[in-house]
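Notes to accompany the following structure.
The values are calculated or read from the model by the stated rules, or taken from the named source; none is laboratory data. Please read all numbers here as calculations on a predicted model, not as lab measurements. Quick reminder, even Gly has a Cβ in these numbers, built from the backbone with ideal geometry, and neighbours come from all protein chains shown. Heads up: the accessible areas ignore ligands, DNA and RNA and are worked out on the full protein's heavy atoms, side chains in. Shrake-Rupley method; radii C 1.70, N 1.55, O 1.52, S 1.80 Å.
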Amino acid sequence: MLKSTFTPIFWVLTPKPNPQNIPSKALTRNFFTNSTPLVRHNASLNPATPSTPASAYIHLPFCRKRCHYCDFPIVALGSASTQTHLDPRVSNYINWLCREITATKVNQPASSTPLQTVYFGGGTPSLVPPALVSSVLETLRVKFGLCEDAEISMEMDPGTFDAEKMREMVALGVNRVSLGVQAFQEELLRSCGRAHGVLEVHEAIGVVKSCGVENWSVDLIASLPRQSSEMWEESLRLTIESQPTHVSVYDLQIEQGTKFGRLYSPGEFPMPSETQSAEFYKMASRMLSDANYNHYEISSYCKSGYECKHNFIYWKNKPFYAFGLGSASFVGGLRFSRPRKVNDYINFVQNLENGLVDSSGDGHIQGKDTAMDVVMLSLRTAQGLDLRSFQESFGGSAVLSLLEAYKPYVESGLVVYLDEQRRTIRIDDLNYSFLNKPNTEKRVAYIRLSDPEGFLLSNELIALAFGVIDSWKDCFPYQEAEAT
Amino acid sequence: MGYLSKASRTLRQSNYLSLLCSLNFNPLTNRITHGRFSVTRELFCPQSRQYSTTTRDKSAIDLSQYPPELVRNFSIIAHVDHGKSTLADRLLELTGTIKKGHGQPQYLDKLQVERERGITVKAQTATMFYKHSVNGDDCSDGKESPNFLLNLIDTPGHVDFSYEVSRSLAACQGVLLVVDAAQGVQAQTVANFYLAFESNLMIVPVINKIDQPTADPDRVKAQLKSMFDLDPSDALLTSAKTGEGLEQILPAVIKRIPAPPGRSESPLRMLLLDSYYDEYKGVICHVAVVDGILRKGDKISSAATGQSYEALDIGIMHPELTPTGILLTGQVGYVVSGMRSTKEARVGDTIYHTRTAVEPLPGFKPAKHMVFSGLYPADGSDFEALNHAIERLTCNDASVSVTKETSTALGLGFRCGFLGLLHMDVFHQRLEQEYGAHVISTVPTVPYIFEFSDGSKLEVQNPASLPSNPKQKVTACWEPTVIATIIIPSEYVGAVITLVSERRGQQLEYSFIDSQRAFMKYRLPLREIVVDFYNELKSITSGYASFDYEDSDYQQADLVKLDILLNGQPVDAMATIVHSTKAYRVGRELTEKLKTVIDRQMFEITIQAAIGSKVIARETISAMRKNVLAKCYGGDVTRKRKLLEKQKEGKKRMKRVGSVDIPQEAFHQLLKVS
Ligand SMILES: Nc1nc2c(ncn2[C@@H]2O[C@H](COP(=O)(O)OP(=O)(O)OP(=O)(O)O)[C@@H](O)[C@H]2O)c(=O)[nH]1
Ligand SMILES: [Mg+2]
């Protein structure tokens, strides 16, 4: 009923040309002279059900050595460490991790919302002995419950597991593997400081397939130093040939404080130029699409139905738990990052046990912040931003302000407006009108970035939306919005 | 050509000796003054320095003891960096006005800009008391040696601030003309000498920095003789660094510089020298009492505005504000009179006792604005903040002219006139440092005059105000010129002549100061020297050239308006007016420069320079190919958020023309292209 008190303004399709229509320019001006639309309070529209997380990220930080590009919170065990079950650093850590899980406050009993996805990330989770992984899963099961058919993913690195270990993991419930291949060229693997070679890559692929892991991903890195387009093409070809259900293509980021950060600057030799690395991105998009992979997120491709459910939780701005060193959770509207140093982390767990810290929020968050998160995360996906739910959360003028800002980029092909049936709306067919006009089904229902040009400029395009959201006049704290 | 004409005639030096004898010292008055003084010091000058004077009685700030005969007003003038402010330090220490080693060096350079740049920007007055033994005979006849009240004004050396020198000289009867013993006479030495000479001031030459290994005082003496006809035996040799020779200065000031000529019994006439705004006291005026006496509580009026005020607080700068309750003929001090804005305090105004009839003092010629530039808030929305900051700062720097203007690219802003480029720079810096304002400045321009076929004339202080395709044909244009003085070691003459002719200069004079130094005078278009001339001159002469200029007439010139267009849209704030022979080069330089400072965007950008509808230079910036963060490990979105927010903030600080985002840096960079 609140809905009717606002006049929702929408962009709809109008048959063109329409000489009787008020010239669209004039209308545009009317709507946008006040370029700072008011955003309404709408907790009542979006019932305050700060949903309980059904996903958990588990950080297993151990690596044999640190890769040259990596700035993640990891613990390097030394190159010889493939047998880690005797290493007290690992068992102690798992102990603290389980204590963190146990000490975490929850509102609901374990039975009400059992976990639907669990993601072991790292680090190199495959270095951790299955027995210890088992204890983590058991702790989760006791604390939150775990669905029968939960997606349990694990990042695994070539050279850190054999068929036996793989089978043990599968027996524990791991049903999705994310294989850290990165490249198929010996010299590139070496120059990134990877602890494995090409031989281990092929072995690992063989092991994963032979152990019957149906849902698995090859992770690749593009734009490595001295990577040629021939090499990149080869990596993509070999990936496609090994027939994973999922491919992740990450773009190398030169981070401060890493070895690469000291050696290289982006765009300068031996790093590929901006143009070259844009070409790499396009090549991946083209080759993988040709091989029937859907480009469903900026850096993710999959065969139909094999989207990573866990990652979708992030992109939909849904809540999730996170446990372990440096991990970031999103519970009760609060994004909480854990300490990145082992000692600090142990302190944190102790404080958590003593009730001195709380890693979840009270559900109250700044509306604009949420709007930015929703836009940032959903525009990473091929589905894009769902304007219906965005309007429900932030109001019609908020939607209009985005549509207006992106209009020039629709013209230049970086942004795509889709109708309810996900058909592309031609730019000449766009016009302003009111929702109470009959042709509602012709309104713009989704905004997405084009593939690959729009995805390639996603930072620019998202920052643009941030600017728009920032200039909204007011935004009341409200409960939660999901980029459904 | 003098900036000022002095109303007074100099007093004969011999007159004051006879008057000295008739002074009486009243011990009772002294004691009373002492008591009152210590109280007021605490009340009004909490932060003023502890001082000790060389006078026997510390309480002696009873100005009535200093009739004009015992007063000397002098300025320290020199070329840049010849040591004026350092010498002032030494004199303040010598007289106990400041404690030795306690203050910062160049004590009188109080502004942050002055301290950071190591230059004086604003003239500063300090009153000192000095006990002078007549004829070097120290009280052998049992009679007290008289105390003198000395007003020292430290002036800036840089050409932009010569207006400050002119004003200071109006309150003086003599100057210390300081010359660096190694560098010798330089361009501002010449300029400042003439300012003093034409004001009929007694000139005391001081050859400073004699401690330097390359010091050659004899050569400097010879230069002073040949250029200014100053007697070599009159020159004092000093080092403000080691202290050598300093003791001769104040005796020479007392002996050679005449006492102020005003008449105590005449009605009050004060010259308003300067004013500034103090948060606690309001407007503070610096004044020189030419005739008569000012007492606290007196009703006073301004000749310029006719407004009346009450002298609420009066005193001297010693060196901080020190209330004295009275100011006598010939003295220089301050007056707080409840003025609300420094706009009421017109520099050069005559202040007199309300309801008396006086002849106004001649005052000063108004400061001439040489360069104009637009000032805009760096963050679009901050117009009000900038407005406020400019209003406040112009209270303390009245030499800037300010009018509102609008730019399509930059929004609401101001067109400001400055005395020169350094002045402009200093103004910007003060706006930032003292008022926290962030500004974008447009390329400085000089005021041109355009005449159209219908006979109308337009003074153009902002190139954007000149139509690019005027309806009326332009029939003539004029540009301002300057007369420049250049002094250089003779081996650089060739290089300098080449430079000056590139800048469309016309030689007026070429002579030698001595066997090693050439002296040249040129008429140059002001535009040609405004931006980088001095730097260029210094670089081709290994830093040895000195340069000074004074404004001169307008001359006819072949000028065109050069527009800059981004994706076909003219950017008004980037328009310039250039000499037609230079249009192509400038156009190319501007477009090339812009190409380096404008970031790639999601579409291609064309940058064009055009005269009217004719494009004369063009660059393109290809579209950005890629800016993606293909990584979102472990759901840690906060990091990505921050990155994107930073990017958004960056965008917000840019100025948008059409769809092109222009970084503020672009406007700063354009300043560097001549
Ligand atoms: N060796 C030597 N250096 C000196 C002497 N007097 C001043 N200086 C130095 O010369 C530099 C300039 O001194 P200032 O007193 O600031 O010169 P100024 O004439 O006031 O400069 P402006 O106000 O900018 O015109 C400083 O580094 C001083 O330390 C001197 O007698 N000997
Ligand atoms: Mg100085």
> With a ≥ b ≥ c the root eigenvalues of the C-alpha gyration tensor of the stretch B:269-353, is it rounded (a/c under 1.5), prolate (a/b larger than b/c) or oblate?
Replying inline: rounded
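Kirkwood Rh over Cα pairs of the stretch A:55-315 into Stokes-Einstein at 4 °C, 1.567 mPa s: D in µm²/s?
Numbers: Rh = 19.1 Å.
In µm²/s, the coefficient is 68.
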> Between B:146, B:483, B:189, whose Cα lies farthest towards the positive end of the dipole of chain B when Lys and Arg beta carbons carry +1 and Asp and Glu beta carbons carry -1, centred on the Cα centre?
Replying inline: B:483
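Pairs A:209/A:259; B:110/B:281; B:84/B:521; A:165/A:316; B:614/B:651; A:368/B:655: which exceed 28 Å Cα-Cα? Could the numbers behind the result be given before it?
Values: A:209/A:259 34 Å; B:110/B:281 18 Å; B:84/B:521 26 Å; A:165/A:316 33 Å; B:614/B:651 32 Å; A:368/B:655 24 Å.
Result: A:209/A:259; A:165/A:316; B:614/B:651 exceed 28 Å.
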> How many angstrom lie between the C-alpha centres of the stretch A:305-347 and the stretch B:340-417?
Replying inline: 58 Å
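Say R0 is 35 Å: what FRET efficiency, to the nearest 0.05, do residue B:266 and residue B:133 get from their beta-carbon distance? Intermediate results must be reported in sequence, preceding the final value.
Details: r = 32 Å, r/R0 = 0.91.
It comes to 0.65.
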>> If the only charges are +1 at each Lys and Arg Cβ and -1 at each Asp and Glu Cβ, what is the size of the charge dipole of chain B around the Cα centre, to the nearest 20 debye?
In response: 1720 debye
> What accessible area per residue comes out for the stretch A:55-315, rounded to a whole number of Å², with a 1.4 Å probe?
Replying inline: 39 Å²
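Assign unit charges at the C-beta atoms only (+1 for Lys and Arg, -1 for Asp and Glu), then state the dipole size of the stretch A:367-470 relative to its Cα centre in Debye, rounded to the nearest 20. Spell out each step's value before the answer.
Details: 11 positive and 15 negative charges, 53 e Å.
For the stretch A:367-470, the charge dipole is close to 260 debye.
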> Using a simple spin-label model with points 7 Å from Cα along the Cα→Cβ vector, what separation in nm is obtained for residue A:51 and residue A:233?
Replying inline: 4.4 nm
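Measure off, as a whole percent, the carbon and sulfur share of the 1.4 Å-probe accessible area of the protein assembly as shown, all protein chains present.
Numbers: 23640 of 47320 Å².
With neighbouring chains kept in place, the figure for the protein assembly as shown is 50 percent.
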>> As I understand it, the dipole of the stretch B:269-353 uses +1 on the Cβ of Lys and Arg and -1 on the Cβ of Asp and Glu, about the Cα centre. Which of B:323, B:288, B:305 lies farthest toward its positive end?
In response: B:305
> Heavy-atom accessible area per residue, the stretch B:560-670, 1.4 Å probe: how many Å²?
Replying inline: 41 Å²
> Dipole of chain B (Lys/Arg Cβ +1, Asp/Glu Cβ -1, origin at the Cα centre): which of B:389, B:531, B:610 lies farthest to the positive side?
Replying inline: B:610
> By how many degrees, between 0 and 90 and to the nearest 10, does the Cα long axis of helix B:217-228 differ from the longest principal axis of chain B?
Replying inline: 80 degrees
> Got a sec? Which residues in the stretch A:175-213 would a label at residue A:259 touch, if it sits 7 Å along Cα→Cβ and we count backbone N under 17 Å?
Replying inline: A:182-183, A:185-198
> Hey, any idea what Rg/Rh is for the protein assembly as shown, computing Rh the Kirkwood way over Cα pairs?
Replying inline: 1.10
> What is the spin-label model distance, in nm, from residue B:495 to residue A:292 if the labels are put 7 Å beyond Cα along the C-beta direction?
Replying inline: 7.6 nm
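Keeping every protein chain present and rolling a 1.4 Å probe, give me the accessible area per residue for the stretch B:269-353 in Å².
Numbers: 2810 Å² over 85 residues.
Ligands and nucleic acids excluded, the result is 33 Å² per residue.
Please average, across the residues of A:452-464, the number of beta carbons from any other chain that are within 10 Å of each residue's own beta carbon, and give a whole number. Walk me through the numbers before you get to the answer.
Working: counts 2, 4, 2, 3, 7, 8, 6, 9, 10, 4, 9, 11, 5.
Mean partner shielding for this stretch: 6.
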>> Testing the spin-label approximation: label points 7 Å from Cα along Cα→Cβ at residue B:278 and residue A:105. State their distance in nm.
In response: 5.8 nm
>> Under 5 Å between amide hydrogens, which residues at least 5 positions from residue A:218 or on another chain qualify, with H placed 1.01 Å from N in the peptide plane?
In response: A:179, A:246, A:247, A:248
> Which FRET efficiency, nearest 0.05, do residue B:197 and residue B:585 yield, Cβ-Cβ r, R0 51 Å?
Replying inline: 0.75
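At a Förster radius of 35 Å, what calculated FRET efficiency corresponds to the Cβ-Cβ distance of residue B:295 and residue B:110, to the nearest 0.05? Could you put the intermediate results ahead of the total?
Values: r = 29 Å, r/R0 = 0.82.
It comes out at approximately 0.75.
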>> At a probe of 1.4 Å, how much accessible area disappears from chains A and B on forming the pair, both sides counted, to the nearest 100 Å²?
In response: 3600 Å²
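Run through the DSSP bridge list for the protein assembly as shown and note the antiparallel percent, rounded to the nearest 5.
Values: 133 of 185 bridges.
Bridges in the protein assembly as shown that DSSP calls antiparallel: roughly 70 percent.
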>> As I understand it, the value is the acute angle between the Cα axis of helix B:421-435 and the longest principal axis of the Cα atoms of chain B; what does it come to in degrees, rounded to 10?
In response: 80 degrees
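Could you give the size of the charge dipole of the protein assembly as shown about its Cα centre, using +1 on the Cβ of each K and R and -1 on the Cβ of each D and E, expressed in debye and rounded to the nearest 20? Before the final figure, lay out each step's value.
Values: 123 positive and 128 negative charges, 287 e Å.
Dipole of the protein assembly as shown, to the nearest 20 debye: 1380 debye.
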